[in-house]
Amino acid sequence: MAAAVHKLLHPHSHSHSKSKDDSSKSDHLSHERQDSGLERIRADEKHSLAQWQSNQQPLNPDQIESDSKRVGQSSQVLRQEDFELVKTLGTGTFARVWLARLRDVKKQDANKVFALKILRKVDVIRLKQVEHVRNERNVLAAVAGHPFITTLVASFQDHDSLYMLLDYCPGGEVFSYLRRARRFNEPTSQFYAAEIVLILEFLHEQEGVAYRDLKPENILIDAEGHLKLVDFGFAKKVENRETYTLCGTPEYLAPEVIRNTGHGTAVDWWAFGILVYEFLVGQPPFWDQNPMKIYEQIVEGRVRFPSAMSPDARDLISGLCTVDTSKRLGNIKGGASTVKNHAWFRDIDWDALYNRKVNGPIVPHLRGPADTRNFDDYEPENADREPYSKELQEKWDGYFQDF
């Protein structure tokens, strides 16, 4: 038996009669078989991507993590060249998001598009974002399948870049609609606010995740007029612990983040109060040209309401924008249900909303699945990029193995 195993593991060790030519031929054949096997797997993965539907029936919150679907998995075979990069949808300091179309697929699948987020390893390392990028990938993989969170379909990497393949939301940012409309009316604000409550309830109570960057620019509208929360770069699994990283957008920061006294998921309920205010009024309650002045206003925590705002909306925002986290709505006993049961949401059917049975108030006009009219134009990428050196690779590639 041992001899048989040895022969399997070292097929050439006793075959002195075999020439070197035979040996190199068999190595070549073995590599060819391996390559054709990988190509087959790659073709299968691309076929699965072409079949994938983003608007399928939502999973129940407790099914999402236990679901065995392959969405959100790391792919060992996908490559950038499997996608045609059509147009830049957005840029950040170390990432660029592209509208991407699958290459070399059947004719009927040619219209299948995704948002492909490309992160340069050199930039991620230089800007000390390694931990944030890892958090983003792992959180998105864990929540793939929620009806109002962008779906991480797959992730992969090559020598110098990391890739996150996401569902494409052709409606663009809520921020753009809000700026055009100046402010949303009460029913529109309630609808979108309610979808965000369902997102926060799931992230906090199911996943123990603080999102930490809630603002209109990070909320997209899908083809059917529902919200999708994107950009999980600051999201972190905190559970019941506190964390101390200063991150977020000045107008939306909670007082405990500014004071650096330690924060948890309660920061999202504060930001949610700011968001509801911005939906209804058209600008956040705390604002100044000087960020330090914004921070002073936030820590003081006095929200001034316009006279036209309904008493229920004022009461909700006051409860959410409470400096004392132990009294903040959403963070008190009962969690998200205390927000869902608030009078301002009395007309919301939460089950129907979660299952996308209620029509969105803003349905984007689209010419097709690859329509990009709701996104701005961006400058082309700078061709002069610092190379990802062998030294960087040896030091950092282990951190990116999740991709």
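All of the numbers you see were taken from the coordinates with simple rules; none came from a lab. Given the structure is predicted, the values throughout are model-derived calculations rather than measurements. Please note: Cβ atoms are built from the backbone with ideal geometry, for glycine as well, and neighbour counts cover all protein chains shown.
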Spelling out what I want: for every residue of the range 279-291, take phi, set θ = phi - 60°, compute 6.51 cos²θ - 1.76 cosθ + 1.60 (Karplus), and round to whole Hz; glycine and proline get x.
4, 7, 9, x, 8, x, x, 10, 8, 6, 4, 9, x
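Ratio of Rg to Rh for the range 300-403, alpha carbon only, Kirkwood?
Working: Rg = 23.6 Å, Rh = 20.0 Å.
The Rg/Rh ratio comes out at 1.18.
Using Cβ counts within 10 Å as a stand-in for footprinting exposure, how do Arg373, Arg304, Arg259 rank, fewest first?
Details: Arg373 10, Arg304 7, Arg259 13.
Ordered from fewest to most neighbouring Cβ atoms within 10 Å, Arg373, Arg304, Arg259 come out as Arg304, Arg373, Arg259.
Ranked by Cβ crowding within 10 angstrom, fewest neighbours first, how are Cys321, Cys247 ordered?
On the way: Cys321 25, Cys247 14.
By the 10 Å Cβ count, ascending, the order reads Cys247, Cys321.
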Using Cα positions and a limit of under 19 Å, work out the aspartates and glutamates in reach of Lys293, with same-chain residues fewer than 8 apart set aside.
Glu251, Glu256, Glu278
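What full-extension length gain, to one decimal in nm, is calculated for Ala181 and Leu38 as 0.36 nm per residue of separation minus the Cα-Cα distance?
Numbers: separation 143, 0.36 × 143 = 51.48 nm, distance 5.07 nm.
Length difference between fully extended and current span is 46.4 nm.
How would Val139, Val281, Val358 line up from fewest to most surrounding beta-carbon atoms within 10 angstrom?
Values: Val139 23, Val281 19, Val358 16.
Listed from fewest to most nearby Cβ atoms, that is Val358, Val281, Val139.
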Largest first and to the nearest Å, give the Cα extent of the range 174-354 along each principal axis.
38, 37, 29
Full-extension gain between Asp109 and Ser48, please, as 0.36 nm times their residue separation minus the C-alpha to C-alpha distance.
20.9 nm
Charges only on Cβ, +1 for Lys and Arg, -1 for Asp and Glu: so what's the dipole of the chain about the Cα centre, in debye to the nearest 20?
200
Considering the range 191-254, what Rg and Dmax in Å follow from its alpha-carbon atoms?
12.3, 38
Could you check which residue among Gly301, Gly360, Gly92 shows the biggest mean-square fluctuation in a GNM of the chain with a 10 Å Cα cutoff?
Gly92
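Longer than 31 Å from Cα to Cα, which of Lys237/Lys327; Lys87/Lys121; Lys46/Lys215 are they? Say none if no pair is. Intermediate results must be reported in sequence, preceding the final value.
Details: Lys237/Lys327 23 Å; Lys87/Lys121 21 Å; Lys46/Lys215 34 Å.
Checking Cα-Cα distances, Lys46/Lys215 exceed 31 Å.
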Give me the dipole magnitude in Debye, nearest 20, for the range 174-354 about the Cα centre, with unit charges on the beta carbon: positive for Lys and Arg, negative for Asp and Glu.
460
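Tell me, Kirkwood radius of the chain from alpha-carbon pair distances, in Å?
On the way: mean 1/r = 0.0427 Å⁻¹.
Hydrodynamic radius (Kirkwood, Cα pairs) of the chain is 23.4 Å.
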Mind telling me which of Arg302, Arg180, Arg134 comes out most flexible in a GNM of the chain, alpha-carbon contacts under 10 Å?
Arg180
Links exceeding 23 Å between C-alpha atoms in this model, out of Lys106/Lys228; Lys117/Lys228; Lys128/Lys236, come to Lys106/Lys228
Evaluate the distance, in nm, between pseudo-label points positioned 7 Å from the Cα of Ser310 and of Leu366 along their respective Cα→Cβ axes.
3.0
Most fluctuating residue given options Ala100, Ala142, Ala308, as computed from a GNM of the chain linking Cα atoms under 10 Å:
Ala308
Give me the angle, in degrees from 0 to 90, between the Cα long axis of helix 311-320 and the longest principal axis of the Cα atoms of the chain, rounded to the nearest 10.
50
